Amino acid sequence: MTLNWWYPLTMQVSLDIPDEIAALMTSGGTDIPRAALEALALEGYRTERLSESEIRRLLGFETRMEVHAFLKEHAAWLHYSLDDLERDRESAQRMRARRQTPFAARERLSG
């Protein structure tokens with residue numbers, strides 16, 4: 001099977017939903033295909049099978065912030081470990097030190 005790079009692979013999924021349940025969902029204004037896609041994305045994220053980037057592509061979001069808002073709205077908290085926190089803390093300390101170096105040099109020269 002030869003695949004062209006410009007032709008993305010997609011999977012078509014079909015669900016059989018009892019008429020009475022479909023009627024209940026659509027009467028409340030629910031877009032059933034979108035709701036199913038969002039449920040798939042949420043479960044994939046919660047089980048760590050989908051990344052934020054994959055959710056962004058799956059749901060057609062343009063930014064990571066849209067993904068974060070979607071996850072927060074559905075109580076699916078970001079995957080952020082103590083190791084992530086430590087790396088962020090170290091990075092912030094390096095950035096702070098870089099910003100302070102030019103100021104300290106200026107103060108020495110003017111003082």
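Remarks
- In terms of the mean number of neighbouring beta-carbon atoms within 10 Å, the peptides 89-101, 45-57 order highest first as 45-57, 89-101.
- Label-to-label distance, nm, for residues given as Glu54 and Leu37 (7 Å Cα→Cβ offset): 1.7
- For segment 51-62, the Karplus equation 6.51 cos²θ - 1.76 cosθ + 1.60, evaluated at θ = phi - 60°, returns couplings of 8, 4, 4, 5, 5, 4, 5, 4, 9, x, 7, 8 Hz by residue, with Gly and Pro reported as x.
- Taking chymotrypsin sites (Phe, Trp or Tyr not before Pro) across segment 63-93, the ones in a DSSP loop with at most 15 further Cβ atoms lying within 10 angstrom of their Cβ are Trp77, Tyr80.
- Net charge contributed by nearby residues that have their C-beta within less than 12 Å of Asp83 (K/R +1, D/E -1): -2
Taken together, the values in this text are just the output of simple stated rules run on the coordinates, not laboratory data. Just so it is clear, the model here is predicted, and its values are computed rather than measured. Glycine gets a Cβ as well: all are built from the backbone with ideal geometry, and neighbour counts include every protein chain shown.
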